[in-house]
Amino acid sequence: MVNVIGLGYIGLPTALMMATHGVEVVGTDYNRELVATLNAGKTTFKEDGLDELFLNALRTGIRFTTEYQNTDVYIISVPTPYDKFSKKVDACYVIAAVKDVMKVCPKGATVVVESTVSPGTIDRYVRPVIEENGFTIGKDIHLVHAPERIIPGNMVYELLHNNRTIGADEREIGEKVKALYASFCQGEIVVTDIKTAEMTKVVENTFRAVNIAFANELAKICRHDDMDVYEIIRISNMHPRVNILQPGPGVGGHCISVDPWFLVGDYPSLAKLIGEAMNINDGMPDFVLNRIHEIMKEKGMTDVSRVGLYGLTYKENVDDMRESPTLQLLESQERHLADGLKVYDPFIKKDVVKNQYHDLDEFLSAVDLVVIMVKHNEIRENMAKLADKVILDCHNICNLPGVYHI
Ligand code: SAJ
């Protein structure tokens, strides 16, 4: 039996996927409300194909509980935030989960950490916890790092099809865990050592962060000299070895806006390019705020409350608001002692910010300037409704005349 610890964005789909592929699974989370929701037959976030996967998994007898199980395999998928000051990974949730596992696990158990951690985290924080509990690693407890790679918005497909990395101290254990993931994963599964697996995961997200920062910097250069960044990227990408990403209003989510900081925190004198890239991405919500002011000035608008931000989530077609550029922008606005911007997102049903709307038409009738912060399908399908608005399109999805860009 596999005990999946942490039933969030990664743990839940992973548990469900294993359960529907013949693995006996118990999901554990310390959040009672979350466990109660799952036990009431409801999923806790929106994701393509998740509800169907959930129903199929329920039929296999998967269980959800707040209790840690006595079993031979644990998969830990808890959050790993970063310390805002030191920029280093904050492994507190991983450490707490391993401590709890140590209280119930039998000798011979394998502990798989899926949470993203910086290279050396398992050596520094996880091994000592296991040893302090009187276990010998490699004999009593086997340690594995199998970082997740799935992208919100396409998680179910990517769980099935992405290649994976398994980092283990012992080849034999690596192969055993590989066989477990191969129960559902059709991609290639590479077995390596733990530190390489740790670094690889952080490097993947850092690659994307640096490349998004490059696109964002190009947007700023092009804005400064009145060039069309989208056309420039489109043409440049026709070169066989160029593949520039897209500029945007900022980088959110719990991965790309966080993980690269681990390297900056751990290697401050070396990770220069990465640190600068992260600062560029983090500066984008302020850049958008400045664009709003410029456009208002140009249009002779003075009332901020007639400006509306479309989208609160960190990217399109998900309901995840973690580190979202819109929230960053609103925070920045408040720091400048102003508020009044109106906000709407079809995926966010609860009131989470001031001046939030829950109906697209009502939102649009309350504003004259619409800032497209997130390119949800809903706004693409309703573009005609923006025909009489001033538009700041941060994603280049709108082909109405007179649209402003970042
Ligand atoms: N973004 C841009 N321009 C782009 C692409 C993205 O501004 O050209 C922005 C998005 O709008 C969003 C942010 O970047 O705010 C991140 O979104 P994303 O779709 O690039 O990635 P995430 O954070 O949803 O998921 C990433 C993925 N990593 C990589 O693609 C290398 C995913 O595979 C990882 O599993 C996930 O991080 C994770 O959990 O680590």
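Kindly identify the range 1-75 as rounded, prolate or oblate by the Cα gyration tensor criterion: order the square roots of the eigenvalues as a ≥ b ≥ c, call it rounded if a/c is under 1.5, otherwise compare a/b with b/c, prolate if a/b is larger, else oblate.
On the way: a/c = 1.64, a/b = 1.16, b/c = 1.41.
Verdict is oblate for the range 1-75.
What order do you get for 258-265, 108-115, 47-54 when each peptide is scored by the mean count of other beta carbon atoms within 10 Å, highest first? Each step should come with its number before you reach the end.
Working: 258-265: 25.1, 108-115: 22.1, 47-54: 17.0.
The most tightly packed comes first, giving 258-265, 108-115, 47-54.
Take Y9, Y82, Y344, Y157 and sort them by solvent-accessible surface of the protein heavy atoms, 1.4 Å probe, largest at the top.
Values: Y9 60, Y82 35, Y344 10, Y157 125 Å².
From most exposed to least exposed: Y157, Y9, Y82, Y344.
Could you sort S365, S305 by their accessible area in this structure, using a 1.4 Å probe and putting the largest first? Walk me through the numbers before you get to the answer.
Working: S365 80, S305 35 Å².
Sorted by accessible area, descending: S365, S305.
Carbon and sulfur atoms: what percent of the 1.4 Å accessible area of the chain do they account for?
On the way: 9440 of 18540 Å².
On the chain, the fraction of accessible area on carbon and sulfur atoms equals 51 percent.
Counting only the heavy atoms of the protein chains, how much of R234 is accessible to a 1.4 Å probe, in Å² to the nearest 10?
Its accessible surface works out to 130 Å², give or take rounding.
Measure nothing fancy, just the Cα-based angle from helix 92-104's long axis to the longest principal axis of the chain, in degrees from 0 to 90, nearest 10.
The helix 92-104 is inclined about 20 degrees to the chain.
Starting from the Cα gyration tensor of the range 64-115, take the square roots of the eigenvalues, sort them a ≥ b ≥ c, and report rounded, prolate or oblate (rounded when a/c is under 1.5, otherwise prolate if a/b is larger than b/c, else oblate).
Details: a/c = 2.73, a/b = 2.34, b/c = 1.17.
Prolate shape, in that a/c is at least 1.5 and a/b is the bigger ratio.
Based solely on C-alpha atoms, express the radius of gyration and the Dmax of the chain in angstrom.
Both quantities, over Cα of the chain: 22.9, 72 Å.
Under 8 Å for C-alpha pairs, at least 6 residues apart: give me the relative contact order for the chain, rounded to a whole percent. Write out the running numbers ahead of the final one.
On the way: 768 pairs, mean separation 46.3, N = 406.
The value is 11 percent.
Using a Cα-Cα cut-off of under 16 Å, which lysines could be cross-linked to K139, ignoring same-chain neighbours fewer than 8 residues away?
Those lysines meeting the cut-off are K107, K176.
Quick one: which of K297/K354; K87/K354; K299/K342 span more than 21 angstrom between C-alpha atoms? Mind showing how you got there, number by number?
Details: K297/K354 24 Å; K87/K354 29 Å; K299/K342 18 Å.
From K297/K354; K87/K354; K299/K342, over 21 Å: K297/K354; K87/K354.
Enter the Cα centre distance for the pair the range 168-216 and the range 300-362, rounded to the nearest angstrom.
Cα centroid of the range 168-216 versus Cα centroid of the range 300-362: 35 Å apart.
Hey, what angle do you get for helix 50-60 against the long axis of the chain, alpha-carbon based, 0 to 90 degrees rounded to 10?
20 degrees
Given axes a ≥ b ≥ c from the Cα gyration tensor, I'd like to know whether the range 1-137 is rounded (a/c under 1.5), prolate (a/b larger than b/c) or oblate. Could you put the intermediate results ahead of the total?
Details: a/c = 2.18, a/b = 1.42, b/c = 1.54.
Oblate, since a/c reaches 1.5 and b/c is not below a/b.
Between helix 194-224 and the chain, what is the angle of the helix's C-alpha long axis to the longest principal axis, kept within 0 to 90° and rounded to the nearest 10?
With both axes taken from Cα atoms, the answer is about 0 degrees.
Leaving ligands and nucleic acids out of the surface, order L270, L400 by accessible area at 1.4 Å, largest first.
L270, L400
Taking the alpha-carbon distance from K88 and a cut-off under 27 Å, which lysines remain once sequence neighbours fewer than 8 residues away in the same chain are dropped?
Excluding near neighbours in sequence, the set is K99, K195, K201, K272, K315.
When only Cα pairs under 8 Å and 6 or more residues apart are kept, what is the percent relative contact order across the range 309-406? Intermediate results must be reported in sequence, preceding the final value.
Working: 159 pairs, mean separation 25.7, N = 98.
Relative contact order of the range 309-406: 26 percent.
When all C-alpha to C-alpha distances in the range 262-406 are sorted into bins of 10 Å, what percent of pairs does each bin hold, rounded to whole numbers?
Cα pair-distance distribution for the range 262-406, in percent: 11, 41, 32, 11, 4, 0.
Using only helices, what value at 222 nm comes out for the chain when you add -39,500 (n - 2.57) per DSSP H run of length 4 or more and divide by the total residues, to the nearest 500 deg cm²/dmol?
Numbers: 15 runs with 160 residues, N = 406.
Roughly -12000 deg cm²/dmol at 222 nm, from the helical runs in the chain.
The values are calculated or read from the model by the stated rules, or taken from the named source; none is laboratory data. Please read all numbers here as calculations on a predicted model, not as lab measurements. Reconstructed Cβ throughout: ideal geometry from the backbone, glycine too, with neighbour counts over all protein chains shown. Heavy atoms of the whole protein, side chains included, go into the accessibility calculation; ligands, DNA and RNA do not. Shrake-Rupley method; radii C 1.70, N 1.55, O 1.52, S 1.80 Å.
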